[in-house]
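The values are calculated or read from the model by the stated rules, or taken from the named source; none is laboratory data. Fair warning: this is a prediction, and the values are worked out from it, not measured in the lab. No Cβ is skipped: glycine too gets one built from the backbone with ideal geometry, and neighbour counts run over all protein chains shown. The area values use the complete protein model at the heavy-atom level, side chains included, leaving out ligands, DNA and RNA. Shrake-Rupley method; radii C 1.70, N 1.55, O 1.52, S 1.80 Å.
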Amino acid sequence: MREAEDRLAFARMPKSLLSAAKRNCARLSRSAAGAVRHDRSGTLASFRQFVDSAVLSTNISAYKVAVFDEYQRVIDARSLATHKAGGDRAAGLRAFRASQAEWFTRRVRFEALWVDGRKLIYGAMNCGGLGPDEKYGPFCLTVADPMRCNPTAIGVFPGNTAERYVSLAGVVDRDRIDREIGPWEQRAAVAILELAPGVLGAHRHRWSEIVCSKDRFIEVVIAPGPELGQLTATRCRGTYLERLEALEFRKLAGEALTETETWELSAFHALQRWRRLHGVPVEAVA
């Protein structure tokens, strides 16, 4: 009985996400290679090359840009909520729970599986767009090689982790996680195994959208968040950058800005600092 209790306790202990992902490396590689080999059209071989250049991206608001500028790195959602609460951790955690709404239990159960799970930053594989959904913010931060950030936790999943692996009642499908999680270096394999049917029936110009859109994306989680100097670029819509430049002219002309506009202009100035101090360019996306 005691041995069974010990095994159960061990199973509930947080595991290394990095190690769990690496354990799947060879199997994912073989499975994806098999799919490519059986595709006589050569489409999946071309898609694998396309996805090999994918970056990690995460969308943020103007407020988050300002906070990350203060911390000089990307910080997790709980730390962000605590910052917004003036450093009051209890108030910050209450705010975090409220912000997660119906996703709270599912998100917390997934994070409880991993060492540093509460520090996870959520992003997506990105092949040139603005991220999965701009509702998270118009600023898309990218990291070309997150492994150079020396993460304590990183994994690639074929979909939204809270939705895919945790039921509404909070029951975690650990077997499915163990089967599907992949390391960053196998991101193309994860994408092929998840997206092959759609890729085979689509024109190449749609591949970027198939990899990352608001309806479907390959999720990448990492902890801790990258430092500003580890970012590759910040992407924004070209029209939004024009709006930010217009805000600067209005401010210089002495015009009063709204609170939202003030945050946006503050974010615009932060991006300019990141470019000067860290070499992080701002890229306009159509």
* Asked: Looking at the chain, what % of its DSSP beta bridges pair antiparallel, to the nearest 5?
  -> 85
* Structure fact -> Semi-axes a, b, c in Å (a largest) for segment 159-286, each sqrt of 5 times a Cα gyration tensor eigenvalue, come to 37, 19, 16
* Based on the alpha carbon coordinates of the chain, what radius of gyration and maximum Cα-Cα distance (Dmax) apply, in Å? -> 20.3, 76
* To do: Straight distance only, please: which aspartates and glutamates reach the Cα of Lys84 with their own Cα at less than 18 Å, same-chain residues fewer than 8 apart left out?
  => Asp69, Glu70, Asp76, Glu259, Glu264
* **Protection-proxy order for peptides 57-67, 42-52, each taking the mean of Cβ atoms within 10 Å per residue, highest first** => 57-67, 42-52
* Structure fact -> Amide H proximity to Val285 below 5 Å, modelled H, separation 5+ or other chain, gives Cys236, Arg237, Gly238
* Asked: Carbon and sulfur: what percent of the chain's accessible surface (1.4 Å probe)?
  -> 51
* To do: Using only Cα atoms, find the angle between the long axis of helix 89-100 and the longest principal axis of the chain, and express it within 0 to 90 degrees, rounded to the nearest 10.
  => 70
* Asked: Quick one: what Rg and Dmax do you get for segment 72-187 from the alpha carbons, in Å?
  -> 14.9, 41
* To do: Any of Lys64/Lys214; Lys135/Lys251; Lys119/Lys214; Lys22/Lys119; Lys214/Lys251 with alpha carbons more than 30 Å apart? Name them for me.
  => Lys214/Lys251
* To do: Multiply the residue separation of Thr260 and Tyr71 by 0.36 nm, subtract the distance between their alpha-carbon atoms, and state the gained length in nm to one decimal.
  => 65.9 nm
* Asked: What is the ratio of the Cα radius of gyration of segment 108-147 to 2.2 N^0.38 Å, where N is its residue count, to two decimals?
  -> 1.40
* Structure fact -> Summing -39500 (n - 2.57) over every DSSP H run of at least 4 residues in the chain and dividing by its residue count gives a helix-only mean residue ellipticity at 222 nm, to the nearest 500 deg cm²/dmol, of -15000 deg cm²/dmol
